[in-house]
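Working notes, beginning with the structure itself.
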Amino acid sequence: MRRHGLNFRKFLLRFTFPFLKRLEPRQASRSLSAIGRWEYRHLASVRLRFDRAVEAGKAHFQTDWDVVETARELAGYHIRFRTRDLLLDGLDDERARSVFEIEGREHLDEALAQRRGVILLSNHYGGNLMQAHWMIREGYPLRMYMERPRRVSRLMSNYFDQDGPLGQKKMFISRKMEPAEAAASVLKASKALRAGMVVMMASDVQWIDSHTAEVEFLGKRFRFSTTWVTLAAMSGAPVVQVFSHLEPDGASRLEFLPALSVPPEALRANPTPWMRLALVEIERRVAASPLNSNDYFFWLSDPDISVSAAALQHVERH
């Protein structure tokens, strides 16, 4: 049933995308959500999975969410999350910028002005690649320290192919890396920071090597990568946490938090307090906006789903 549902979704996306691209960007994003809501109403397997996920989130936060209404709307937002920045593909800067609402840009710019580079601490909340699209258009010296995302706009895909010693192409990492390759990738990210670049990485990536720590998140224990703490402590670069809120009107609201500093002593200390500091900010926003929770509630309701599985391994193409 799940495979049948995914195939039908691909068909709907292929059919509707040419029409959606003719709309104003915010209207297109709102219209895209209708596909997810349709799936929820008409596909029992989808409805069951989303209901269970929202029930798990409701139990954790002890809220009075209406499960059916929240699950239906979450299914709609999920489509927006899955299509990443594709609705912005081919738009000129003026039309693309009309999608974004920016809060706290001064925190990012002030951190960048310190000339030590910036660790932009992302996550899997909301439209979690929209900040990268916006920053590329705005001319920020961005590098993404993560596995290469698929199904992205041509603007972002071309950016990914930039070569050279500090080019984005060589900054991507892989779960199949050998230990020596993983160490080299950290050095590349450190060099990018020394060159004054913004290095974007996520605080909620489940990983399998030795550079991980078990941390409580949403009431359960998960093993997350500690690389961002290590890199911040090594480099002295300020850390700016960012959230990309998908709004009901079709906007993407980017929220940049005030910068924090990770002291060099953190290299020898337990990294979990720093990791919890970042994860708590995610939890607060998920509690306030469950429709932006993406796959988080599925981690609670379905033990087979992790950050890596949801965001990387179960990628749907259209």
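The table below lists the values:
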item: Test: residue in the stretch 177-198 that is assigned to a strand (DSSP E or B) and either open to solvent by less than 60 Å² (accessible area, probe 1.4 Å) or closer than 25 Å to R221 by Cα (or both); result: yes
item: Residue in the stretch 137-172 that is farthest from A189 (Cα to Cα), counting only those that are among the polar types (S, T, N, Q) and over 19 Å from the mean Cα position of the chain (by Cα); result: N158
item: Test: V198 is in contact (Cβ under 8 Å) with a residue 60 or more places away in the chain and more than 21 Å from F224 (Cβ to Cβ); result: yes
item: Single residue of the stretch 282-318 satisfying the filter (among the acidic types (D, E) and open to solvent by less than 40 Å² (accessible area, probe 1.4 Å)) that is modelled with the lowest pLDDT; result: E316
item: Which numbered condition G104 misses (of (1) at negative phi; (2) open to solvent by less than 20 Å² (accessible area, probe 1.4 Å)); result: (1)
item: Test: residue in the stretch 163-176 that is surrounded by 16 or more Cβ atoms within 10 Å (Cβ to Cβ), outside any strand (DSSP E or B) and charged (D, E, K, R); result: no
item: Selection status of F222, more than 28 Å from V99 (Cβ to Cβ) and either touching a residue at least 24 places away in the same chain (Cβ under 8 Å) or under 20 Å from the mean Cα position of the chain (by Cα) (or both); result: yes
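The values are calculated or read from the model by the stated rules, or taken from the named source; none is laboratory data. Just so we're clear, the structure is a prediction, and the values are computed from it rather than from any experiment. We place every Cβ from the backbone using ideal geometry, glycine too, and count neighbours over all the protein chains shown. With ligands, DNA and RNA removed, areas are computed over all heavy atoms of the protein, side chains included. Shrake-Rupley method; radii C 1.70, N 1.55, O 1.52, S 1.80 Å.
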